[in-house]
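Peer 1: This is the structure I want to talk about, given as structure tokens.
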Amino acid sequence: MAKKPEAAAEFQLQWREMIPERQNRKAVTIRTEADEKHFQELIDFARGLGARDGIAVKAEEIVTTEVMRLKCRIPTCWGYNSSFSCPPHSADAAAMRTIIDEYEWALLVSIPPPDPDSYEDTFEHMYKLKEIVGRTEVEAQYKGYLRSMGFTGGPCTLCGIFSPEWIQARKTGQGAPLCPLLTRELPFCTQYYHCRPAAQAVGIDVYYTAKNAGWEDHLSAPQPVVAGRVDWPCLPGVYPILII
Ligand code: SF4
């Protein structure tokens with residue numbers, strides 16, 4: 001009698017250590033106005049984490065359009081509906097415009113994609129850029145900008161979803177979990193320090209925003225058309241952080 005195949009091992013989410021570890025830090029003064037010297041300090045902080053550069057811009061220069069958010073669905077990105085960071089759960093362009101209009105200042109942070117560019121490199125890049133943006137946003141909060149809010153690129157990948165191993169597990173029919181926050185298996189995201197939606201997912205057009213800021217040189221080179229779509233339009237190389 002043929003031996004019954006053993007059940008494939010289920011893919012386990014691979015949460016990474018929170019970096020840095022939690023530390024007690026001196027209480028901040030809550031700021032209601034920008035102190036422009038902090039912008040350079042935050043840019044230097046982001047550079048220390050691996051960003052190439054940063055620039056302060058007026059929030060009104062950030063361009064929003066539902067076209068960008070619809071690009072998550074036409075053609076449908078494999079990250080669509082995969083976590084609360086992606087459409088249809090993320091804020092739409094109209095809501096985002098209302099939110100951005102409550103701010104005066106934002107930073108644009110340049111985080112170029114890897115070269116050479118394999119999927120493994122891109123996956124690590126998505127993790128890295130979320131770390132840079134998330135930690136810079138939090139650093140702004142330590143300085144007293146409690147409303148600082150960062151936006152990144154690509155779907156949420158922080159607990160190993162969309163990792164090469166996760167994709168392989170899905171392809172071969174092993175169990176491979178979806179976002180446990182979305183499926184309600186967990187009441188919280190354990191990667192909240194880094195977890196930030198893509199700018200595209202909330203209708204921010206980083207391409208026109210960078211152009212407005214004279215920062216086109218920091219945009220990623222156009223990605224090749226792969227299987228009928230431009231690859232990675234949501235990794236433009238420039239990422240906004242609303243400050244105050
Ligand atoms: S939102 Fe949190 S729990 Fe969900 S996929 Fe991202 S890191 Fe994982």
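Peer 1: So in the chain, what percent of DSSP beta bridges are antiparallel if you round to the nearest 5?
Peer 2: Numbers: 17 of 18 bridges.
Rounded to the nearest five, the antiparallel share is 95 percent.
Peer 1: Starting from the Kirkwood radius over alpha-carbon pairs of the chain, derive D by Stokes-Einstein at 10 °C in a medium of 1.306 mPa s and give it in µm² s⁻¹.
Peer 2: My calculation gives 84 µm²/s for D.
Peer 1: Something else about it: When a/c reaches 1.5 or more, the comparison of a/b and b/c decides; with that in mind, is the stretch 125-244 rounded, prolate or oblate per its Cα gyration tensor?
Peer 2: oblate
Peer 1: Right, another one. Mean residue ellipticity at 222 nm from the helices of the chain, using -39,500 (n - 2.57) per DSSP H segment of n ≥ 4 over the full residue count, to the nearest 500 deg cm²/dmol? Numbers along the way, then the final one.
Peer 2: Values: 6 runs with 65 residues, N = 244.
Calculated at 222 nm, the ellipticity per residue is -8000 deg cm²/dmol.
Peer 1: Check the chain and count each lysine pair with an alpha-carbon distance under 17 angstrom, considering only pairs eight or more places apart or from different chains. All intermediate terms of the calculation are to be shown ahead of the outcome.
Peer 2: Values: 26/143; 37/58; 37/143; 58/211.
Summing the qualifying lysine pairs gives 4.
Peer 1: Could I ask something else about it? Filter the GluC sites (Glu not before Pro) in the stretch 131-200 to those in DSSP coil with at most 13 other Cβ atoms within 10 Å of their Cβ, and list the result.
Peer 2: Answer in residue order: 185.
Peer 1: I'd like to compare 34-41, 88-95, 53-60: which one has the highest average count of other Cβ atoms within 10 Å, and what's the full order after that?
Peer 2: Those peptides, ordered most packed to least, come out 53-60, 88-95, 34-41.
Peer 1: Tell me the carbon and sulfur percent of the accessible area for the chain, rounded to whole percent, probe radius 1.4 Å.
Peer 2: Using a 1.4 Å probe with all protein chains present, the chain comes out at 53 percent carbon and sulfur.
Peer 1: Here is a further query. Taking the solvent-accessible surface of protein heavy atoms with a 1.4 Å probe, what is the per residue accessible area of the stretch 37-242 in Å²?
Peer 2: Heavy-atom accessible area per residue stands at 44 Å².
Peer 1: With just the Cα atoms defining each centre, how far is the stretch 146-167 from the stretch 31-55? Give it in Å.
Peer 2: Comparing the Cα centres of the stretch 146-167 and the stretch 31-55, I get a distance of 22 Å.
Peer 1: Further, regarding this structure: Using the Cα centre as the reference, give the magnitude of the dipole from point charges on the C-beta atoms of the chain (Lys, Arg: +1; Asp, Glu: -1; all else neutral), rounded to the nearest 20 debye.
Peer 2: Values: 26 positive and 31 negative charges, 151 e Å.
With Lys and Arg at +1 and Asp and Glu at -1, about 720 debye.
Peer 1: A further question on this structure: Pick out, in residue order, every one of the trypsin sites (Lys or Arg not before Pro) in the stretch 146-223 that is DSSP loop and has at most 11 other C-beta atoms within 10 Å; say none if there are none.
Peer 2: Those satisfying the criteria are 184.
Peer 1: Can you list the chymotrypsin sites (Phe, Trp or Tyr not before Pro) in the stretch 175-212 that are in a DSSP coil and have 15 or fewer other beta carbons within 10 angstrom?
Peer 2: Counting only loop positions with at most 15 other Cβ atoms within 10 Å, the chymotrypsin sites (Phe, Trp or Tyr not before Pro) in the stretch 175-212 are 188, 192.
The values are calculated or read from the model by the stated rules, or taken from the named source; none is laboratory data. Small disclaimer: the values here were computed from a predicted structure and weren't measured. Here Cβ is always computed from backbone atoms with ideal geometry, including for glycine, and neighbour counts include all displayed protein chains. Just the protein is used for accessible areas: all its heavy atoms, side chains included, with ligands, DNA and RNA removed. Shrake-Rupley method; radii C 1.70, N 1.55, O 1.52, S 1.80 Å.
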